[in-house]
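Report on the structure given below.
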Amino acid sequence: MQKGRVYCLLGGLICGAAMPIAPVMAYGEAGRWSSGWGQGTTEYVAVVDEQNQLYIACNDIRKVSMTATVSGKGYGDAGSPGFAIIVDGQRFDEPYETESRVGENNFFSLWDKMRSAKTIAIATADGQELALPTQEAATVLPATQSTDFGCLAWDKDTTESPAPAPASVPAPEPAPTQLSAAISPATFSVRWYFQEWAPRQYFKKLEIVSHSNNITLRNAILNRGNCPLLPAHELPMPLGFGQAHTLPFSKRCNLLEVQLFTDQGTVTYQFDPQS
């Protein structure tokens with residue numbers, strides 16, 4: 001992977017008294033894609049020059065951050081005008097807005113297409129246009145299904161704390177404690193598959209079929225917590241014999257292990273790595 005020269009990360013760092021403060025977040029080698037890593041963040045940058053570039057930051061805890069700089073003006077940050085990326089004629093509006101199922105798939109589709117793009121351009125909300133380089137994109141940007149890909153569409157901790165109940169309304173009862181006792185793997189049949197929600201747009205689903213006549217599925221932990229379920233999932237879920245329940249998760253997750261928590265105990269299933 002081509003490693004770019006990261007000269008400056010704004011956000012509290014002083015990069016020399018004579019250097020002016022600009023909206024440029026990172027600077028790599030002009031005319032190509034490059035990458036760098038530091039403090040848990042992998043940075044990808046497509047540089048035209050110091051005043052014109054696309055910057056993408058992937059963190060293992062927070063969702064992807066994407067900003068553009070066109071003629072020295074920043075786009076995509078909070079309070080800044082937005083932008084679209086056009087790859088081989090296909091337009092991706094606001095690809096940095098990933099915290100929805102549509103937004104997540106929009107970002108992953110853009111990423112895959114940039115790796116083999118013949119042309120990449122930025123179109124800003126205020127009418128600016130910028131052609132980006134494509135050199136090294138295929139080697140700098142890892143495939144979304146590879147272990148080198150670490151861009152999160154959602155913050156890793158997506159659980160929101162419930163609002164405190166008013167004083168006049170009794171607080172809800174706490175959720176039942178998950179049992180740690182093991183149950184038989186024959187309790188469920190478990191598989192995963194791709195679900196197409198729009199033409200050529202996919203996410204993954206975990207299907208759980210009960211072989212017990214009366215059991216409640218309380219939680220599912222994927223890859224020991226490293227592969228969160230999408231917020232659309234519904235749990236807990238009571239199941240009878242032959243009934244199935246599906247749980248959506250990101251297509252970028254290479255599912256290796258699933259641990260199911262029920263009202264009768266826990267069970268773990270393992271899968272072969274996906275290429």
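The values are calculated or read from the model by the stated rules, or taken from the named source; none is laboratory data. Just so you know, these numbers come straight off a predicted model, no measurement behind them. As a convention, Cβ positions derive from the backbone with ideal geometry for all residues, glycine included, and neighbour counts pool all protein chains shown.
Below, the figures for the structure above:
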read-out	value
Residue within the range 94-105 that is in contact with a helix residue (DSSP H, G or I) (Cβ under 8 Å, 6 or more places away or on another chain), more than 30 Å from Leu229 (Cβ to Cβ), touching a residue at least 12 places away in the same chain (Cβ under 8 Å) and surrounded by 19 or more Cβ atoms within 10 Å (Cβ to Cβ) present	no
Filtered residue count, the range 211-259, keeping only those that are small (Gly, Ala, Ser) and under 24 Å from the mean Cα position of the chain (by Cα)	4
Qualifying residue in the range 141-150 (condition: in contact (Cβ under 8 Å) with a residue 40 or more places away in the chain and outside any loop (DSSP other than H, G, I, E, B))	no
Matching residues in the range 223-245 - criterion: being at pLDDT 90 or above and closer than 21 Å to Gly103 by Cβ	none
Test: Lys251 is part of a strand (DSSP E or B), touching a Lys or Arg at 6+ places or on another chain (Cβ under 6 Å) and closer than 23 Å to Ala153 by Cβ	no
Count of the range 249-275 residues which are touching a residue at least 60 places away in the same chain (Cβ under 8 Å) and surrounded by 14 or more Cβ atoms within 10 Å (Cβ to Cβ)	16
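Conditions tested, residue by residue: (1) modelled with pLDDT under 70; (2) assigned by TED's automatic domain parsing to the domain that holds Pro236; (3) of a type in the set (Ser, Thr, Tyr).
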residue: Thr144; (1), (2), (3): no, no, yes
residue: Thr147; (1), (2), (3): no, no, yes
residue: Ala165; (1), (2), (3): yes, no, no
residue: Ala175; (1), (2), (3): yes, no, no
residue: Leu179; (1), (2), (3): yes, no, no
residue: Phe194; (1), (2), (3): no, yes, no
residue: Arg200; (1), (2), (3): yes, yes, no
